[in-house]
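Have a look at the structure below before the remarks.
The values are calculated or read from the model by the stated rules, or taken from the named source; none is laboratory data. Quick caveat, the model's predicted, so the values are computed rather than measured. Heads up, the Cβs are rebuilt from the backbone with ideal geometry, glycines too, and the neighbour counts pull from every protein chain shown. Note: accessible area is taken over every heavy atom of the protein model, side chains too, but ligands, DNA and RNA are not part of it. Shrake-Rupley method; radii C 1.70, N 1.55, O 1.52, S 1.80 Å.
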Amino acid sequence: MNTVIPIRPLDARQGRGRPRHTPKGRQVQPEARARVEVFCAGLQPRPDLLIEHLHRLQDGEGALRHGHLAALAERLRLSQVEVFEVASFYHHFDIVADETPVPATVVRVCTSLSCAMAGGESLLADLQTALARDANVRVQEAPCIGQCHVAPAACVGQRQLPQASVSRVQALLAGGETTPRTSPAPAPSGLQQLRRLLAGEIDAERVLSELKSSNLRGLGGAGFPAWRKWETVRAQPGPRNMVVNIDEGEVGTFKDWQVLVSAQAGAPQVLEGLLIAAHVVGVERAWIYLRDEYHDVRELLASELRRLDATLRWLAAEHPGYTPPVIELRRGAGAYICGEESALIESVEGKRGLPRLKPPIVALHGVFGRPTLAHNPETLWWLPEILARGGDWLSSQGLRGRHGLRRFSVSGRVRKPGVYLAPAGITLRELVDEHAGGMAEGHTLYAYLPGGASGGILPASLADVPLDFDTLAEHGSFIGSMAVVVLSQHDTARGAALNLMRFFEHESCGQCTPCRSGTTKAVQLMQESVWDAPLLGELSQVMRDASICGLGQAAPNPVDSVLRFFAHEVAERGAK
């Protein structure tokens, strides 16, 4: 006789078989549901818009309350854990209990390298002391906010404050000036090059030909030839997508901000470049992903996109075969890792910004699994210029056998920090003397970062090496995003390297152990008066070999630079 063992009780009313009358997890209260509906009015309840919803709640309440997160999960038909894991991943979201009081304003003080050199850490401490008794204000340390040329910088609510001081922060708070500052209205774009393309004066093949002859490369850091990206994505079956990466979180980088807020040929020219690329490649949807610290640029781009929408409707009527791409403006949330293109795409899809394993590359498998063209805004800015002047014109610029023009973000110990358009192949000495006004009073060149936090640190003896893609590899460095930070005899390379490694530790997404644990271990080792060079060398190699993305792979560069060029600072007799 066979014995039958039932999987569940025969009587469903007994034990675990009882039906559940409520969803799992925190129960949604009517008042929380109503509050979420008010803050998120006008937003489609789509899971890929999760981060936009979170911003609405954070801006409206000053924090993300547990009950509101549960109501948001219900609205978007996501599990509560999915909403919580995304909200807790990004630095600009504060998760609190339902009854916890929250400050009206958060003051973020940058302590990354350029601002630290200008007194950012002292400013942070002074503000924490001065505002300690004000329950309506919270002062917190922040990584680079893209205002390195006006260091020390802070962000009071959503208002960026250049050359910040305690009194200037207090003045903004007293006046309630915590909303985004207003950027000058840019000169309107006539979209002349796009119109030529639509009118048939030039065709897609001509655009690609000019792009090739221009030698235009991606200007976000990797320097990949732009035309190769176009041809790769264009060869894939549709629908095709596009992302514009304006998450320039690299320490010392602010050139994209400058490009966009420029009153002459700024954001409108970037948008025209987007439309040209989209038309040639056959893109149906495009996302502009903007770092959250650029509140002024967000207002500017939103205004320009509204203006552009009317123009595109008219162009579509004038050219019946033309269908412009659907363009969405997305807001980052304080995660440097989202500058990595696959992490950015995860964020666009409403997820944590975790880099994807490659292959496949995003050109083949990008946003929502579709072929995706990824570009930096400066790269797009050059497209109308190339079509107006010819690819050969841009290629003919440059020094010492290099081709093109580059925008360098220059900060640190120079007289005139700023963004400078200079020929590819210019040297650090020429860049400082001919564009940045020379070294600041009382300072002499000691070292420099050629490519932000990731590009390593080079000594003054290498100030005459051409600055461009591929020219610095033999020195263990690279140009990256062309963020040049200049150090003087009053600074130390070991101090700069420690500041940068703390930045990487803070910004690691935590997905892979070599980066997550490696950056923490490196910070511990780098605080010793004498560095353990063999151990740091082994750690560097493991991080390079085993990290998933460029953050972990490039994070050891400053350490290796110190051991190679500034060993006297970390050796037994030379510790400083």
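Taking only the stretch 167-202 into account, find how many residues are hydrophobic (A, V, I, L, M, F, W, C) and either under 18 Å from residue 321 (Cα atoms) or in contact with a Ser or Thr (Cβ under 9 Å, 6 or more places away or on another chain) (or both).
Total meeting the criteria: 9.
Could you check how many residues of the stretch 48-94 are surrounded by fewer than 15 Cβ atoms within 10 Å (Cβ to Cβ) and either among the β-branched types (Val, Ile, Thr) or in contact with a helix residue (DSSP H, G or I) (Cβ under 6 Å, 6 or more places away or on another chain) (or both)?
Counting residues in the stretch 48-94 that are surrounded by fewer than 15 Cβ atoms within 10 Å (Cβ to Cβ) and either among the β-branched types (Val, Ile, Thr) or in contact with a helix residue (DSSP H, G or I) (Cβ under 6 Å, 6 or more places away or on another chain) (or both) gives 2.
Which residues, taken from the stretch 534-560, are among the aliphatic types (A, V, I, L, M) and surrounded by 15 or more Cβ atoms within 10 Å (Cβ to Cβ)?
Scanning the stretch 534-560 gives 536, 539, 542, 543, 548, 551, 554, 555, 559.
From 194, 208, 219, which residue is open to solvent by less than 10 Å² (accessible area, probe 1.4 Å) and not in a helix (DSSP H, G or I)?
The match here is 219.
Would you be able to say whether some residue in the stretch 517-526 is within 25 Å of residue 341 (Cβ to Cβ), under 20 Å from the mean Cα position of the chain (by Cα) and open to solvent by 50 Å² or more (accessible area, probe 1.4 Å)?
No, because not a single residue in the stretch 517-526 is within 25 Å of residue 341 (Cβ to Cβ), under 20 Å from the mean Cα position of the chain (by Cα) and open to solvent by 50 Å² or more (accessible area, probe 1.4 Å).
Got a number for residues in the stretch 228-266 being in a helix (DSSP H, G or I) and either under 17 Å from the mean Cα position of the chain (by Cα) or surrounded by fewer than 24 Cβ atoms within 10 Å (Cβ to Cβ) (or both)?
So the answer is 13.
Taking residue 316, is it of a type in the set (Gly, Ala, Ser) and crowded, with 19+ Cβ neighbours inside 10 Å?
Against the criterion (of a type in the set (Gly, Ala, Ser) and crowded, with 19+ Cβ neighbours inside 10 Å), residue 316 does not qualify.
Six or more apart or on different chains, Cβ under 6 Å: which pairs go from a residue in the stretch 40-62 that's over 18 Å from residue 352 (Cβ atoms) to one that's assigned to a loop (DSSP other than H, G, I, E, B) and open to solvent by 10 Å² or more (accessible area, probe 1.4 Å)? Could you list them?
62/102
Could you please find all residues in the stretch 375-402 being open to solvent by 10 Å² or more (accessible area, probe 1.4 Å) and not in a helix (DSSP H, G or I)?
Residues satisfying the conditions are 376, 390, 397, 398, 399, 400, 401, 402.
Which of the residues that make up the stretch 100-147 are assigned to a strand (DSSP E or B) and among the hydrophobic types (A, V, I, L, M, F, W, C)?
106, 107, 109, 110, 137, 139, 142
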